[in-house]
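Below is one structure, written out as structure tokens, with a few remarks after it.
The values are calculated or read from the model by the stated rules, or taken from the named source; none is laboratory data. On a predicted model such as this, the values are computed, not experimentally measured, just so you know. Counting neighbours? That spans all protein chains shown, and the Cβs are built from the backbone with ideal geometry, glycine included. Keep in mind that these areas ignore ligands, DNA and RNA; they rest on the heavy atoms of the full protein, side chains included. Shrake-Rupley method; radii C 1.70, N 1.55, O 1.52, S 1.80 Å.
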Amino acid sequence: MRNELIEALRDKLVQLKKIRRNLEYTHNKVANWWRVDVGFDQWNEDQLELLAAFKARFSELQDHLASAMKLIAGIEGERAEAFTYVLNFMVQIYVLESVDEWRNVRDLRNAATHDYSDTEEAKAIHFHRLIQNTHYLYETQDKLAHFADKAYSIKQ
């Protein structure tokens, strides 16, 4: 069973690299023109489409990072019936610096997939926070890959 989970983690890490590449592409394009003080009605259709792709790709990367974390917890025989246990273990192995930071970014992800913002200003601030926290996801992925390399010799 452990070997099957390690293989699943290997596959997940490959998948994460592809997802990250997609997010990096979109993030870089959006970052070239994004301004938090510009209303959404001033963006053209291509820019609005990029914003939609960006928030979807941000959410996708975070979802798959969480899945990889659960795999590691399973490999290590850690309790995983509550994701809080997984997050606490990720802090112990230095993949995460804090559970609260992950949860804050998770809240952003949840708001991105259920975007019912009342005002244009609230939506702009939300997108700005997503843009600012993209590097957090990259750092988390890098730490996960580093742990997988050291613990299971999974090279990336």
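Of all residue pairs spaced 6 or more apart or on separate chains, those with beta-carbon atoms under 6 Å, a first member in the stretch 90-109 that is closer than 15 Å to Gln132 by Cβ and a second member that is of a type outside the set (Ser, Thr, Tyr) and open to solvent by 50 Å² or more (accessible area, probe 1.4 Å) are Leu108/Arg129.
Comparison of Leu71, Leu96, Leu50, Leu108 shows that the only residue that is modelled with pLDDT of 95 or more, out of contact with any strand residue (DSSP E or B) (no Cβ under 8 Å at 6 or more places or on another chain) and closer than 29 Å to Asp37 by Cβ is Leu50. Taken together, the criteria place Phe147 among residues that are over 25 Å from Tyr25 (Cα atoms), open to solvent by less than 60 Å² (accessible area, probe 1.4 Å), touching a residue at least 24 places away in the same chain (Cβ under 8 Å) and out of contact with any Leu (no Cβ under 8 Å at 6 or more places or on another chain).
Scanning the stretch 48-98 for residues that are open to solvent by 50 Å² or more (accessible area, probe 1.4 Å) and either in a loop (DSSP other than H, G, I, E, B) or touching a Gly at 6+ places or on another chain (Cβ under 6 Å) (or both) returns Glu76, Gly77, Glu78, Arg79, Glu81, Tyr94, Glu97.
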